[in-house]
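The values are calculated or read from the model by the stated rules, or taken from the named source; none is laboratory data. Values in this document were obtained by computation on a predicted structure and should not be read as measured data. Methodologically, a virtual Cβ is constructed for each residue, glycine included, from the backbone with ideal geometry; neighbour enumeration extends over all protein chains shown.
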Amino acid sequence: MDKEILAVKTRKDLYDFVRKNPGFHLRELSRALDLSITLADYHLRFLERHELITSAMDGEYKRFFPRSRPGQEEVRAALTDVEKRILAFLRQPVPLRVINFLMEREAATHKEILEQVPVSPSTLSHHLKKMETAGLIDRAEPRERGYRVRDPKAVARLMTTYELATPDQVDTFIRVWGEFRL
């Protein structure tokens, strides 16, 4: 049945792209594949109706995810809600830079993050608040002041699985957390 659904090239291209890049929203998908938004929307809805992909709202955007993990097409295990939420942030430039910075240290203050992420203080505060509300980051211990990634192993797994981490970052993940399993 899946082969018939994916017989249309545009649909297959969208499906393959979503599998490799989960968490993109409609406009990003249409730009990446050079499709009109209307055409991309039609095929994404079709793929969703036939349960090859799923979507989730992140508050601002409807983001698309595969129903199965890479290499496990026969198993229809969708990404968890937590994984979808993490990927939604990792697909945004500012949160990705913040997470990259926080993944390499125990914790960092607003000022330290601001030195690494070139945005205004209010924009950074906005993103930090959204990530904190979503449970991606939390405040470090009161005596340490600052922010930290709540579940760095889960974030590292997603970053490496979906190629959002550089080889140097993967080495850092292994060094920081010892035996690192994907």
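Screening 139, 145 for residues that are at pLDDT below 80, in the same structural domain as residue 95 (by TED's automatic domain parsing) and loosely packed, with under 15 Cβ neighbours inside 10 Å leaves exactly one candidate, 145.
For beta carbons closer than 7 Å, sequence separation of 6+ or different chains, a first residue in segment 1-23 that is among the aromatic types (Phe, Trp, Tyr) and a second that is in a helix (DSSP H, G or I) and surrounded by 18 or more Cβ atoms within 10 Å (Cβ to Cβ), the qualifying pairs are 15/47; 17/29. May I ask you to verify whether residue 49 is charged (D, E, K, R) and within 20 Å of the chain's Cα centre (by Cα)? It is false that residue 49 is charged (D, E, K, R) and within 20 Å of the chain's Cα centre (by Cα).
Residue by residue, here is whether (1) without any contact (Cβ under 8 Å) to a residue 40 or more places away in the chain; (2) surrounded by 16 or more Cβ atoms within 10 Å (Cβ to Cβ); (3) not assigned by TED's automatic domain parsing to the domain that holds residue 9 holds:
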{"position": "35", "(1), (2), (3)": "yes, yes, no"}
{"position": "43", "(1), (2), (3)": "yes, yes, no"}
{"position": "49", "(1), (2), (3)": "yes, no, no"}
{"position": "62", "(1), (2), (3)": "yes, no, no"}
{"position": "116", "(1), (2), (3)": "yes, no, yes"}
{"position": "129", "(1), (2), (3)": "yes, no, yes"}
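Of everything in segment 101-114 that is touching a helix residue (DSSP H, G or I) at 6+ places or on another chain (Cβ under 7 Å) and not β-branched (Val, Ile, Thr), the residue that is surrounded by the most Cβ atoms within 10 Å (Cβ to Cβ) is 108. May I ask you to list the residues in segment 22-59 that are among the hydroxyl-bearing types (Ser, Thr, Tyr), touching a Ser or Thr at 6+ places or on another chain (Cβ under 9 Å) and closer than 28 Å to residue 157 by Cα? The one that is among the hydroxyl-bearing types (Ser, Thr, Tyr), touching a Ser or Thr at 6+ places or on another chain (Cβ under 9 Å) and closer than 28 Å to residue 157 by Cα: 30. The set of residues in segment 77-98 that are more than 9 Å from the chain's Cα centre (by Cα) and within 17 Å of residue 133 (Cβ to Cβ) comprises 81, 82, 94, 95, 98. Among residues that are among the basic types (Lys, Arg), modelled with pLDDT of 90 or more and surrounded by fewer than 16 Cβ atoms within 10 Å (Cβ to Cβ), residue 153 is not included.
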